[in-house]
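Just below is one structure, and these are the notes that go with it.
The values are calculated or read from the model by the stated rules, or taken from the named source; none is laboratory data. Owing to the predicted nature of the structure, the values given are computational and were not obtained by experimental measurement. Glycine gets a Cβ as well: all are built from the backbone with ideal geometry, and neighbour counts include every protein chain shown.
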Amino acid sequence: MNKILLLLLKYNGFILFVLLELLCTYIISNNSNYHLVSLLNSSNYFSGSIYNISNNTIDYLNLSKINDSLATENAKLRSQSKTAYFNNEFILKTKTNDFQQVYTFIESQVINNSTTKFNNYITLNKGNSEHIKPNMGIISDKGIIGITKSCSDHFTSAYSILHQDIKISAKLKNGNYFGTISWNGQDPNTVSLSEIPKHVVVNIGDIVETSGYSALFPKGIKIGIVKKIKLLPGESYYDIDVGLAEDLNNINYVYVVNYLMKDEQTNLESTNEN
């Protein structure tokens, strides 16, 4: 109590000034419509600014939840797209149940990533509990990301496309010739497309996409665009540099590709090796 009294005595002049200012403001606003309106406008502006700051802060704190919700919705939309279904009509010759779903997509978030090593890896925040398994393709809204390597209940370690052991079947969008995408360990924004015959017409800017000749990715997922074409004397195939559609240095939400017919396809193809 003594401290409070000492504080009041020490700042009595300032406190008296504030009280007099408030009293003057009250008297003026009650005797002048102009000053009353001005005071109300100032009060509204101040309170509006406070509400705006408060709402912006709440919106910012909710961004993570909003992004998670959008990623989930995008995964559902991808699972409903035409490329996620197989047309049975050509085989069954029937108009009933023509389409069968063969791909679903599991949204996930990248929580660790590297791009500066010879062999780069990505960590996702979902795993076995979300039905993610090893050897599943990973894509984003823009293009190819990598392939899952190993999983725990809640996390997944994956090979980045910037890994020298990763080979992805790819083709030029404007033709049916296919080759192999790989990384040479240098530019993290560029991969190589090999095995395209030299008689094929290839132009700078041509789109390169997945061929569908694997159990990892649907056909037609964009990988990048042709940025450089080389043909050494005596060679039968181009050496093509492809600029990646996705910036691997700036990835957040991704989609793990769940190929529903993978076991059937791989089991059948394994009989060829046997």
Scanning segment 120-162 residue by residue, those closer than 22 Å to ALA245 by Cα and of a type in the set (Phe, Trp, Tyr) turn out to be TYR121, TYR159
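Give me the strands (runs of 3 or more DSSP E) completely within segment 68-148, filtered to those with at least 1 residues that are at pLDDT 60 or above and either surrounded by 15 or more Cβ atoms within 10 Å (Cβ to Cβ) or basic (Lys, Arg) (or both), ordered by residue number. Step through it out loud before you land on a result.
Details: elements: 85-87, 99-101, 103-113, 119-124, 137-139.
Passing ranges, in order: 103-113, 119-124, 137-139.
Take the conditions closer than 13 Å to ILE221 by Cβ and free of Cβ contacts under 8 Å to residues at least 60 places away in the same chain and apply them to ILE138. Does it pass?
Numbers: closer than 13 Å to ILE221 by Cβ: yes; free of Cβ contacts under 8 Å to residues at least 60 places away in the same chain: no.
Considered against the rule, which asks whether it is closer than 13 Å to ILE221 by Cβ and free of Cβ contacts under 8 Å to residues at least 60 places away in the same chain, ILE138 comes out as no.
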Going through segment 253-272 in order, the residues found to be touching a strand residue (DSSP E or B) at 6+ places or on another chain (Cβ under 6 Å) and of a type in the set (S, T, N, Q) are ASN258
The residue that is nearest to GLU269 (Cα to Cα), considering only those in segment 181-236 that are charged (D, E, K, R) and touching a residue at least 60 places away in the same chain (Cβ under 8 Å), is LYS219
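Can you tell me how many residues in segment 204-223 are acidic (Asp, Glu) and either surrounded by fewer than 17 Cβ atoms within 10 Å (Cβ to Cβ) or within 18 Å of GLY146 (Cβ to Cβ) (or both)? Steps first, answer last, please.
Of segment 204-223, the ones acidic (Asp, Glu) are 206, 209.
Among the residues that remain, those that are also either surrounded by fewer than 17 Cβ atoms within 10 Å (Cβ to Cβ) or within 18 Å of GLY146 (Cβ to Cβ) (or both) are: 209.
Counting residues in segment 204-223 that are acidic (Asp, Glu) and either surrounded by fewer than 17 Cβ atoms within 10 Å (Cβ to Cβ) or within 18 Å of GLY146 (Cβ to Cβ) (or both) gives 1.
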Just one listed residue, out of TYR259, TYR253, is aromatic (Phe, Trp, Tyr), at pLDDT below 95 and crowded, with 19+ Cβ neighbours inside 10 Å, and it is TYR259
